[in-house]
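Peer 1: First the structure, which I've put down as structure tokens, then a few questions once you've had a look.
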Amino acid sequence: MPALALAMLAITAVPAQVWRAPVNDAVYTGFDPNLAFTAEAGSGTARVSRAEVDMTAPASVNLATTLLPKLSSSFDVVVENAGDATQPARVGFWSPWTETGQFILFGPAPGHLITAETIVKGKNGPTLLSGDVTTLHELGSYRLGLPYKVAVVLDKTLGTITYRVTGPDVTNAVASVPTSVFGNVQVSLNASAAPDGGSSHVVLRNFSLTLPHQRIWATKADDPLQTTILVILALAGLVLLALAAAGRRPHWRSVRMPAIQRGPVLYAMAGAVAFYLAGNALLFVLGGQPFDMGDEKLYAYVARTYGLAQLYYLPNIVSMTWVWGGIPYIESAFPYEPTSAYLHTAIGWLGSFLFAGGGTFSPRSVQIEYLTKSVNVLFGLADAGLIYLLSRHIGLSRRWSAIAGALFLFNPAVWFSMSVWGQTHVFSLCLVLTSIWLAEKQHVTGAWLLLAASCLTRPQMLVFGLLLGIVFLRKSTWRQNLTSLSWTVIVVFILLTPFTLATSASLPVDVMLHNLNVQEGGGNVAILTTVSQDSYSIWPLVTYAVRGASSLSRAFTPSSDLLIGSLTYARVSQILTVSAMLVVAGTLVFKKKATDGAGAYIPFVAIGIASFLMLLTGIVSTHFLLALPFLLLSRKWMSNQAYYFVIAIWSITTFVPMYGDMGVVISAQDYPLLARTHNQVTQFFVNLYSSDRFITVAVVANICAVIWLALLAFRSAPPVPEAC
């Protein structure tokens, strides 16, 4: 068994570049009416079917948006009627970040010329509007009603965009332009009918979009040897699991749940759960974070329609333009590990069954939004139950355990994250809390398996993997850990097989490394890589003191800016974060009391995750929710005053920036109940969230909360909890 697990780890660690690579990672043919986003103005229309896009001016369609270095596409352009437009039809790449575009233009009568042009200093909209034409190349002419094939190849590694136009009056005309005008920003492939006004009728057909082989979130391999090894190892794992089940090995320990008292206690619990479910359900209609909720609905759609492995490819070229006011600023890449992919796949299939009769649904479907939030609410309920069970297990009274569970169950930050914003952090927390519960019950294999599953949800969970991994190693014998880790590797390897066969064996490693590059290695657009993504970490205080930044610019200062000498904010953040993790990890390794006794490690894990959130740049306020259960479980080590202070501060400084951020970005048209133009409460939180005084107080309070917990956790003995 350990030998098989070691072999599985070995092939997972082999870089995908070792194996034979495919020519293309993915090829998509035909238009997807749910992903080709259209914009119309005046009397313009844009109708999309699998076979064609039919536009009457003024109208446009966004065919792809991406940060990928390579992309190619081809389609037929038919100008049915040039009308009186100066630009009857236009196709090509542009970027709202640089307000620049490079297009193939089908010109007006009487010449009907086809030209290649570069536009700068344009105006952002669903496509690039107006602007100055800096270069112009004539490629030939066209005739109304005839198809002209346009093939475009984007290759940032070569630094070129190449257009090739073929048709009855154009013999393989080629235009090549540099990509330097764009730089490292997202570009969009767009087709439009008379974007600058006028009338025309344009039809697009025979659409094909290709992703040439490149390193994305998943680096694809197409090697029969790798496939053979994966299949053999997965089959061997299944056989071993079957033999173990037949021989009742490994011995699964039963986990006994505490008995629930009947009578008033049971009625109170039922009432609390009913209030929780009803209260959260009422929040669903208020709104959703447009970008994150839109992404989650898209993931469910892609997983259901194209297959779960396509989550690592197709979203890289899709921009939900409606959440950006019609402007395709960024793509909707899937940055999560396979456990989250399974979650979105389950939501997609359940939504298809419930709302589409087993067929496809729109990624803009409000039913899928409500379904996602409903799943969140159920996981949130499970989290509260686990907090109660763990509190009882580590020695808290029934009353204090109920208080800890209730402070999570009815926490406004939790409700807002689950049922308004729509984030799935409660899912990750459910896995890690279950892992701890199983570890405390000496179910070592289950603990390791759930910990691995939680780490394969979102990159922030690797902190839990590091700290709890040390704890689990110390709490069990080397033989127990060897057996349990081997089973964990085998089960996880089998569960990843649908992904690895479609991508490569190194998928989980590739996703982690790409996340590291995007978030900490400068692989993202600079304007999107900031010291904070609206959270009250230490960095809004630093930018205020060092740069004199004010209001929201305190959080959205680029992390690539210099802070100390040649050190950037990001590099200083990394040094501080790694140092804090080493201190906490060292404590768990060398301090005996850190793992002696039930849950003795919990306050140290709380310190570790809280320090990570406070010190790392680019943290979103919703991530602060990950620390809340562990702060609640640290009651045994805190006095009443410390406990209530820490929980209240952490909840407030998580809730306020979530509400404020969402209040800034939601539109009155999409979310009239919550939009600040209609809701004074939302306006209040927007003002509070951006207030210099509140930001400073919130950051200082968070720092005090973490330091207070650290001082109490590191003292020789925990205090006895005071009476309520």
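The values are calculated or read from the model by the stated rules, or taken from the named source; none is laboratory data. These numbers were taken from a predicted model, which means no experiment stands behind them. Neighbour counts run over all protein chains shown; Cβ positions are idealised from the backbone, glycine included. Accessible surface is based on the protein model in full, side chains and every heavy atom, while ligands, DNA and RNA are left aside. Shrake-Rupley method; radii C 1.70, N 1.55, O 1.52, S 1.80 Å.
Peer 1: So for the chain, averaging the separation of alpha carbon pairs under 8 Å that are six or more residues apart and normalising by length, what relative contact order in percent results?
Peer 2: 13
Peer 1: Specify the angular offset, from 0 to 90 degrees and rounded to the nearest 10, of the alpha carbon long axis of helix 680-689 from the longest principal axis of the alpha carbons in the chain.
Peer 2: 80
Peer 1: May I ask which of LYS593/LYS636; LYS123/LYS373; LYS441/LYS593 have a Cα-Cα span longer than 25 Å here?
Peer 2: Working: LYS593/LYS636 14 Å; LYS123/LYS373 37 Å; LYS441/LYS593 19 Å.
Exceeds cut-off: LYS123/LYS373.
Peer 1: With N denoting the number of residues in the range 298-372, provide Rg(C-alpha) divided by 2.2 N^0.38 Å, to two decimal places.
Peer 2: Values: Rg = 12.1 Å, N = 75, 2.2 N^0.38 = 11.3 Å.
Ratio of Cα Rg to 2.2 N^0.38 Å: 1.07.
Peer 1: Below 28 Å, Cα to Cα, which lysines can LYS220 reach? Residues fewer than 8 away in the same chain don't count.
Peer 2: LYS70, LYS156, LYS297
Peer 1: Now a separate question. Grab the other residues whose beta carbon is less than 12 angstrom from that of VAL185, score K and R as +1, D and E as -1, and report the net.
Peer 2: Local charge sum for VAL185: -1.
Peer 1: Report in % the part of the accessible area of the chain that belongs to carbon and sulfur, leaving out ligands and nucleic acids; probe 1.4 Å.
Peer 2: Numbers: 18110 of 28210 Å².
Carbon with sulfur: 64 percent of the solvent-accessible area.
Peer 1: Straight-line reach from LYS591: which lysines fall under 17 Å, measuring Cα to Cα and dropping same-chain residues less than 8 apart?
Peer 2: Hits, sequence-local ones excluded: LYS475.
Peer 1: Can you compute 3J(HN,Hα) from phi for each residue in the range 367-374, using the Karplus curve 6.51 cos²θ - 1.76 cosθ + 1.60 with θ = phi - 60°, rounded to whole Hz and x for Gly and Pro?
Peer 2: My calculation for the range 367-374 gives 5, 5, 4, 5, 5, 4, 5, 5 Hz in order.
Peer 1: Heavy-atom accessible area per residue, the chain, 1.4 Å probe: how many Å²?
Peer 2: Averaged over the residues of the chain, the accessible area is 39 Å².
Peer 1: Percent relative contact order of the range 34-158, based on C-alpha pairs within less than 8 angstrom and at least six residues apart?
Peer 2: Here the relative contact order equals 24 percent.
Peer 1: So which trypsin sites (Lys or Arg not before Pro) in the range 621-723 are both in a DSSP loop and have at most 16 other Cβ atoms within 10 Å of their Cβ? Write out the running numbers ahead of the final one.
Peer 2: Details: sites: ARG635, LYS636, ARG676, ARG693, ARG715; in loops: ARG676, ARG715.
In loop regions of the range 621-723 (DSSP not H, G, I, E or B), the sparsely surrounded trypsin sites (Lys or Arg not before Pro) are ARG715.
Peer 1: Which trypsin sites (Lys or Arg not before Pro) from the range 77-137 combine a DSSP loop assignment with at most 16 other Cβ atoms within 10 Å?
Peer 2: LYS121
Peer 1: Please give, to one decimal in nm, the separation of the simple spin-label points placed at GLN680 and THR477, each 7 Å out from Cα toward the Cβ.
Peer 2: So the label points at GLN680 and THR477 sit 6.9 nm apart.
Peer 1: By the gyration tensor of its Cα atoms, with a ≥ b ≥ c the square roots of the eigenvalues, what is the shape of the range 429-475: rounded for a/c under 1.5, prolate for a/b over b/c, or oblate? Don't jump to the answer; show the numbers that get you there.
Peer 2: Details: a/c = 2.18, a/b = 1.43, b/c = 1.52.
Oblate, since a/c reaches 1.5 and b/c is not below a/b.
Peer 1: How would the range 38-171 be classified by its alpha-carbon gyration tensor: rounded, prolate or oblate, with rounded meaning a/c under 1.5 and the a/b versus b/c comparison settling the rest?
Peer 2: rounded
Peer 1: Cα centroid distance between the range 448-481 and the range 1-65, in Å?
Peer 2: Using only Cα atoms to place each centre, the spacing works out to 34 Å.
Peer 1: Now for a different question. Short version: ³J(HN,Hα) in whole Hz for each residue of the range 141-153, in order, from phi by Karplus 6.51 cos²θ - 1.76 cosθ + 1.60 (θ = phi - 60°), x for Gly and Pro, what are they?
Peer 2: 9, 9, 10, 4, x, 9, x, 10, 7, 10, 10, 10, 10
Peer 1: Given only helices, namely DSSP H runs of n ≥ 4 each adding -39500 (n - 2.57), what is the per-residue ellipticity at 222 nm of the chain, to the nearest 500 deg cm²/dmol?
Peer 2: -15000 deg cm²/dmol
Peer 1: Per residue of the range 464-480, in order, report the coupling 6.51 cos²θ - 1.76 cosθ + 1.60 (Karplus, θ = phi - 60°) as ³J(HN,Hα) in whole Hz, putting x for Gly and Pro.
Peer 2: 5, x, 5, 6, 6, x, 4, 4, 4, 4, 6, 7, 10, 6, 4, 5, 4
Peer 1: For VAL546 and LYS592, what is the calculated FRET efficiency with R₀ set at 35 Å and r taken between the beta-carbons, to the nearest 0.05? It would help to have the intermediate numbers written out before the result.
Peer 2: Details: r = 41 Å, r/R0 = 1.17.
E between VAL546 and LYS592, to the nearest 0.05, is 0.30.
Peer 1: Classify the range 179-338 as rounded, prolate or oblate, taking a ≥ b ≥ c as the square roots of the eigenvalues of its Cα gyration tensor: rounded when a/c is under 1.5, otherwise prolate if a/b is larger than b/c and oblate if not.
Peer 2: In terms of gyration-tensor shape, oblate.
Peer 1: Still on this structure, please answer the following. Name the trypsin sites (Lys or Arg not before Pro) in the range 201-252 that are in a loop by DSSP and that have at most 15 other C-beta atoms within 10 Å, would you?
Peer 2: Passing sites in the range 201-252 are ARG248.
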